[in-house]
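Engineer: One structure coming up, written as structure tokens, with questions to follow.
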């Protein structure tokens, strides 16, 4: 049996790269957007702590993302079981920290930055469920632990497709064939479940029902909501890259003679 494969060489696409650079920049605005949104809904005395929880999440999660998070999410699945990526494969972006490295049709650095921001925003989303109930230091410890033990493995399940960044990926993406268009699994359900658990564990705010706890600035809330509004369209762009790659693999020209 003779089998011919006609395959295109993967090269950088300037249009995809430009759009992803713009998208990454706009996604960064989600951090201050969330900080304003949450900060406007708490009392004056809690504004600084509430807003810094979002920026703190960005700081610690992005450092972890560069160190080992990307490898845990997009590295080869350990044992081929689709549960977690190889933490040592891309540690400190080994092999990807050069201008010639591509993921799909865009530079690896752009893909890594885009995904890293969403890792940070997922953690930051949780902070709204514990407004007025946690110290900043305790929050930073929780953010690092939760990102490592929960977000990175779940993101591997959902976003790591076989033969995209590494050879083997996560079980939800490949075994179930689920296509998570906007991070509903790894981001929203994940953060929502963690937020609910934290709220139940920490309980009500001190003085809840006895003292006024009105939002101190609705204009800040509206400004933050406006910055967050664009996330749906931008979040889908990552999946476009994945789906284009999968479509190319499934529809490439093949001539079989038997």
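Coordinate-derived values only; no laboratory data. Predicted model, so just to flag it, every value in this text is computed and none were measured. All Cβ positions, even for glycine, are placed from backbone atoms using ideal geometry, and neighbour counts span all protein chains on display.
Engineer: Could you sort 82-89, 41-48, 66-73, 199-206 so that the peptide with the highest average Cβ count within 10 Å comes first and the rest follow in order?
Structural biologist: Values: 82-89: 18.6, 41-48: 15.6, 66-73: 23.6, 199-206: 11.4.
Answer by packing, highest mean first, reads 66-73, 82-89, 41-48, 199-206.
Engineer: Okay, moving on. What is the packing order of peptides 103-116, 134-147, taking the mean over residues of other C-beta atoms within 10 Å and listing the highest first? Let's see the in-between values first.
Structural biologist: Details: 103-116: 20.9, 134-147: 15.9.
Taking the mean over residues of other Cβ atoms within 10 Å, the ranking is 103-116, 134-147.
Engineer: In terms of the ratio Rg/(2.2 N^0.38 Å) built on C-alpha atoms, what value belongs to the stretch 12-237? Walk me through the numbers before you get to the answer.
Structural biologist: On the way: Rg = 18.2 Å, N = 226, 2.2 N^0.38 = 17.3 Å.
Cα Rg divided by the expected 2.2 N^0.38 Å: 1.05.
Engineer: Counting only Cα atoms, I'd like the Rg/Rh figure for the stretch 136-186, Kirkwood definition for Rh.
Structural biologist: Reported Rg/Rh, Kirkwood definition of Rh: 1.11.
Engineer: Quick one: if the Förster radius is 30 Å, what FRET efficiency do residue 145 and residue 97 give, using the C-beta to C-beta distance and rounding to 0.05?
Structural biologist: Values: r = 26 Å, r/R0 = 0.87.
That pair, residue 145 with residue 97, gives E of 0.70.
Engineer: Please label the shape of the stretch 56-146 as rounded, prolate or oblate, based on the square roots a ≥ b ≥ c of the eigenvalues of the alpha-carbon gyration tensor (a/c under 1.5 means rounded; beyond that, a/b larger than b/c means prolate, else oblate).
Structural biologist: prolate
Engineer: Between residue 26 and residue 83, what is the spin-label point distance in nm, taking each point 7 Å from the Cα along the Cα→C-beta axis?
Structural biologist: 3.9 nm
Engineer: Ok, one more. Output the relative contact order of the stretch 12-237, whole-number percent, from Cα pairs under 8 angstrom with separation of 6+ residues.
Structural biologist: 32 percent.
Engineer: While we're looking at this one, here's another question. Could you tell me the relative contact order of the stretch 72-150? Use alpha-carbon pairs under 8 Å, at least six residues apart, and round to a whole percent.
Structural biologist: Rounded, it is 14 percent for the stretch 72-150.
Engineer: Now, a different point. Sorting check: for 94-102, 26-34, which peptide has the highest mean count of neighbouring beta carbons within 10 Å, and how do the rest follow?
Structural biologist: The packing order, highest mean first, is 26-34, 94-102.
Engineer: Figure the gain on full extension for residue 138 and residue 202 (residue separation times 0.36 nm, minus the Cα-Cα span) and round it to one decimal in nm.
Structural biologist: Residue separation times 0.36 nm, minus the Cα-Cα distance, leaves 21.8 nm.
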